[in-house]
DNA sequence: CCGGAGACTTGTGTATACAATTTTGTTATA
DNA sequence: TATAACAAAATTGTATACACAAGTCTCCGG
């Protein structure tokens, strides 16, 4: 039940297979969001996308609906879809959920881990290092997230993997909004560390390591700081008192 | 962050609010599946539903897509939607995921639990008992699942709650397929037991109780037995070796 | 009597058309 | 000049039409 040599067990992040057109569209937008080609808050008009993909709005809507269901988009009635801009509380909830799920999963991963899984994970870390070395930030982001998903995929539990995939994708949005420039470069070395613990079949240490890792990632975020661009203006200016000349 | 007096924190199972038409359709079908008015494997033709709800297929498709995304329906290309009929491995995965998530959540629940949460949960158990007493099997099923969701909802973690809601809904399908007539009536008394542990703020006992509870529920299922009706014949006969005469 | 080819029926996949709503731009009035 | 009312444009919501695939039935041949 855990054959996943390199794939992630569940369709969405899969790249190779011939898929239906709507799935391809979903895929493209998904990647664009997770790899941050489009910033949180960006409007995604149906017409525009329909032209871009050379299909009717029907298929675009289908893809958008799915992305919205996964929390990557916000769809407001009659106002269309925007790349989600997680609030601080939403962000905290996502990380809390990840803590809960990923830490609890580590013992199961240790239990289920086979030699080929370990090999596959090592290859992933190698790829991460490569992306890191070549300064490819977008690829690094993607691979780093994929690693966490692949880890849980070792358990062969599809619902779990699918859920974590959502959380990881949303994490990417969260980092995009609240991330500060410094401190994301060490996740790669970190992932390598975990593999040592897993190889030693040390469930408890793996769990603790994951807890610390996620805490560290969350640590680098600036939840208190100014929200980057295009915040809720009404609320913003209500909180800022006009002071001094003009 | 945990005001949910009686609601489940997340939209789908909410009943009261005025909602968009597509949401209402989703709701109706969702309830029909979870309360087992429609059996697993039942075909759900778009035309028929469109007539039933007096809308076009467009809205029906929207609702069906969402239900499929949540694993309650299976949509095969050009073959339409059917109420999902979980395989044995899918069923096991769902319960494993629940074990992982719900057990891990118990300490967090204990931490977050407030007096009003406890009150709300007690009211739920009371309602469960009432449904049990009045022999209303469908309501019992629904309330029993809702209890688990409401429990985790105490944490105020929306992604977690939404995910668990999916797992619980799928569990209902699983019980519909693999459940044996006896042994589901005690979950109500069980739930009351847990509340005692929670009230005592005993995180570990609560976790253990939940593990045992879920194990017991899974125990009542007959994964090994003949798959009720219309099994996968191809797979079935591939596994049975021709032996002896003929 | 059984099995297969082809027409027919049913139902889904996608595109397009139209209605409703929001947003933007303009003009009139205080 | 500032504000409000109104008009126009852009965009989404829903329905319908048509293309296509799958399933079914009939009829013919073996």
In segment B:66-77, which residues are within 13 Å of DNA strand D (Cβ to nearest atom) and over 16 Å from residue B:42 (Cα atoms)? B:66, B:77
Looking only at segment A:109-126, which residues are under 22 Å from the mean Cα position of the chain (by Cα) and within 14 Å of chain B (Cβ to nearest Cβ)? A:109
From the set of residues in segment B:53-77 that are more than 10 Å from chain A (Cβ to nearest Cβ) and exposed (fewer than 14 other Cβ atoms within 10 Å of the Cβ), which is farthest from DNA strand C (Cβ to nearest atom)? B:54
With (1) over 19 Å from the mean Cα position of the chain (by Cα); (2) away from DNA strand C (no atom under 13 Å from the Cβ); (3) modelled with pLDDT of 95 or more; (4) within 25 Å of residue A:166 (Cβ to Cβ) as the list, and residue B:22 as the residue in question, which single condition is left unmet? (3)
Could you please find all residues in segment B:143-170 being in contact (Cβ under 8 Å) with a residue 60 or more places away in the chain and within 11 Å of another protein chain (Cβ to nearest Cβ)? B:155, B:156, B:158, B:161, B:162, B:163, B:164, B:166, B:167, B:170
So which helices (runs of 4 or more DSSP H) are wholly in segment B:141-246 and hold at least 1 residues that are surrounded by 21 or more Cβ atoms within 10 Å (Cβ to Cβ) and at pLDDT below 95? B:158-178, B:187-199, B:203-219
Is segment A:89-110 home to any residue that is within 16 Å of DNA strand D (Cβ to nearest atom) and surrounded by 14 or more Cβ atoms within 10 Å (Cβ to Cβ)? no
I'd like the residue in segment B:31-52 that is part of a loop (DSSP other than H, G, I, E, B) and within 16 Å of DNA strand C (Cβ to nearest atom) and, out of all such residues, is farthest from residue B:74 (Cα to Cα). B:38
Can you confirm whether residue A:131 is touching a helix residue (DSSP H, G or I) at 6+ places or on another chain (Cβ under 9 Å), at pLDDT below 95 and either surrounded by fewer than 18 Cβ atoms within 10 Å (Cβ to Cβ) or under 27 Å from residue A:213 (Cβ atoms) (or both)? yes
Take segment B:78-88 and flag every residue that is surrounded by fewer than 16 Cβ atoms within 10 Å (Cβ to Cβ) and away from DNA strand C (no atom under 11 Å from the Cβ). B:87, B:88
May I ask you to verify whether residue B:89 is assigned to a helix (DSSP H, G or I) and either under 26 Å from residue B:23 (Cβ atoms) or more than 9 Å from chain A (Cβ to nearest Cβ) (or both)? no
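The values are calculated or read from the model by the stated rules, or taken from the named source; none is laboratory data. All figures in this text were calculated on a predicted structure; none of them were measured in a lab. Every residue, glycine among them, receives a Cβ derived from its backbone with ideal geometry; neighbour counts consider all protein chains shown.
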